[in-house]
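Below is one structure; the comments refer to it alone.
The values are calculated or read from the model by the stated rules, or taken from the named source; none is laboratory data. From a predicted model like this one, the values you see are computed outputs, not experimental measurements. Positions of Cβ are generated from backbone atoms using ideal geometry, with glycine treated the same way; all protein chains shown enter the neighbour counts.
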Amino acid sequence: MRTFLAVTPPIELARELFKSRVPLRNAWSGVRWVKPENFHITLIFLGEQDEALVKKIRKAVFMALVGIKDFEITLNGAGSFGPVSRPKVFIERVEKGREELEILRSAICYRLESPADCEQGRYRPHLTLGRSRRRGLKGPAGGGLLPPEVKTENLRTFPAGEVILYQSILQPEGVQYIGLESWRLH
């Protein structure tokens, strides 16, 4: 099963954020937009795991989170990965809580037996809003992520109070995430 560890915003905040990004969705075609109930900030993508490995992951995460306190995350503004004229991923930037997310991720990586995601480059915490479908990607006239009259900055803060282990199921109509287990931060 495909798995990952993440921090999730409250559903009310996710719906509010989704609503506020209508101008972004209207400005771009050829993008698969994430539903608000699937919004999350990935800590570690674990990839395909069998049930025996998932059991080890559960134990490692439990041990890694001992003594880690809850904290706040503030999202502030839409952005993208890839060239602005042809973004690969549309994101919401993490303004506050970046360092805490990095510490949390490092603690978990330390306990896990080297998942590939822990070994790859710099961690850039973000919330994914949508992914380019490659074909038919078309943005606002004049270039840029959004037409200049649209403002995207708007602080949204939420408590990072738990880490969730998700199973990711790929389906033709989009990805389905199933929470397998969660651990509270204290």
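A few points about this structure:
- Of all residues making up segment 153-186, the number that are farther than 14 Å from Phe39 by Cα, part of a strand (DSSP E or B) and among the charged types (D, E, K, R): 3
- Close pairs from segment 164-183: first more than 22 Å from Val31 (Cβ to Cβ), partner of a type in the set (Asp, Glu) and modelled with pLDDT of 90 or more, Cβ under 9 Å, at least 6 apart: Ile164/Glu181; Leu165/Glu181; Ser182/Glu162; Trp183/Glu162
- Scanning segment 4-33 for residues that are modelled with pLDDT under 95 and either among the β-branched types (Val, Ile, Thr) or part of a loop (DSSP other than H, G, I, E, B) (or both) turns up Arg21, Val22, Trp28, Gly30, Val31.
- Count of residues meeting criterion [exposed (fewer than 13 other Cβ atoms within 10 Å of the Cβ) and either touching a His at 6+ places or on another chain (Cβ under 8 Å) or assigned to a loop (DSSP other than H, G, I, E, B) (or both)] in segment 107-117: 2
- Enumeration of residues in segment 52-63 that are touching a residue at least 40 places away in the same chain (Cβ under 8 Å) and either loosely packed, with under 12 Cβ neighbours inside 10 Å or not charged (D, E, K, R) (or both): Val54, Ile57, Ala60, Val61, Phe62, Met63
- Members of segment 64-106 found to be within 16 Å of the chain's Cα centre (by Cα), surrounded by 15 or more Cβ atoms within 10 Å (Cβ to Cβ) and in a loop (DSSP other than H, G, I, E, B), listed by number: Gly97
- Selection over segment 20-50 of residues that are over 24 Å from Arg105 (Cα atoms) and in contact with a helix residue (DSSP H, G or I) (Cβ under 7 Å, 6 or more places away or on another chain) gives a count of 1.
- Subset of segment 34-51 [outside any strand (DSSP E or B) and over 26 Å from Leu146 (Cα atoms)]: Gln49, Asp50, Glu51
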